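To start, the structure under review is shown below, and the notes come after it.
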Amino acid sequence: MRNIASFLPRRIVPLRSSCIFQKFMSTNADKSPMDQPTYISPIEAEPLHRYRQGGYHPVTLGECLKAGRYKVLHKLGWGGYSTVWAARDQRTETYVAVKIAVAEQEHDRETRELQTMRELVSYHPSPTHVVQLLDDFDLTGPNGFHKCLVYEILGPNIPDVIDAHFSGGRLPGGLAKIIAKQSLAGLNDLHQRNIGHGGTVTHSLGENPNNSHLK
């Protein structure tokens with residue numbers, strides 16, 4: 001049972017290629033009416049205008065990061081300060097999740113997260129039900145300098161599990177208790193080490209990739 005603060009504060013959505021472009025008329029009386037294109041996405045996704053200087057890094061499926069080590073396979077999700085991608089570690093032949101932060105220089109969220117995760121790795125025994133940081137690296141792209149964190153890959157979130165397996169719209173009581181117990185165990189281990197948890201906790205059957213340091 002896993003959960004991860006490093007992933008996303010928004011629900012993960014499947015990849016889709018469709019989009020809608022609509023036009024609307026300007027209502028500014030000082031200007032002549034004119035058509036202006038507006039982007040409307042049929043799914044919840046990161047705002048495209050943030051793919052700019054200081055913003056998200058553009059990623060192409062199949063490209064390799066960190067000198068060819070991590071091959072990008074699929075988009076897992078996004079948040080206000082990062083996008084997250086499923087990738088294959090070509091060196092270890094395992095699957096990982098790569099979180100690519102925005103390039104805003106004044107934003108140090110990922111730096112603090114990296115420091116915290118490195119501190120957790122140093123503890124013996126390691127905290128229970130807390131996701132593991134596997135690697136980190138820097139990436140320079142067209143929009144600036146990005147910090148990248150590599151985590152063990154996790155599984156679907158609770159809403160997706162419920163939709164796929166439980167027609168009643170809720171988890172069975174026994175499963176819900178197991179999830180709650182593991183969540184509290186993870187939180188307790190973090191608090192014992194004076195680490196505060198500020199993410200939204202979302203769990204799943206098996207594993208989960210949402211925004212919590214818990215798993």
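We did not get these values from a lab; they are worked out from the coordinates using the rules stated. All values reported here derive from a predicted model rather than from experimental measurement. All Cβ positions, glycine included, derive from the backbone under ideal geometry; neighbour counts span all protein chains shown.
Annotation: the residues HIS49, HIS124, sorted from fewest to most other C-beta atoms within 10 Å of their own C-beta, follow the order HIS124, HIS49.
In region 50-192, one over the average inverse separation of all distinct C-alpha pairs is 17.0 Å, which is the Kirkwood hydrodynamic radius. Here the label points at ALA180 and TYR51, each 7 Å from Cα along the C-beta direction, are separated by 4.3 nm in the simple model. Full extension of the chain segment joining LEU73 with THR140 gains 22.1 nm, where the gain is 0.36 nm per residue of separation less the Cα-Cα distance.
Here's how it looks for VAL130: its modeled amide H is under 5 Å from those of LYS215, which are all 5 or more places away or on a different chain.
Mean separation of Cα pairs under 8 Å and 6 or more residues apart, divided by the residue count, gives region 117-167 a relative contact order of 26 percent.
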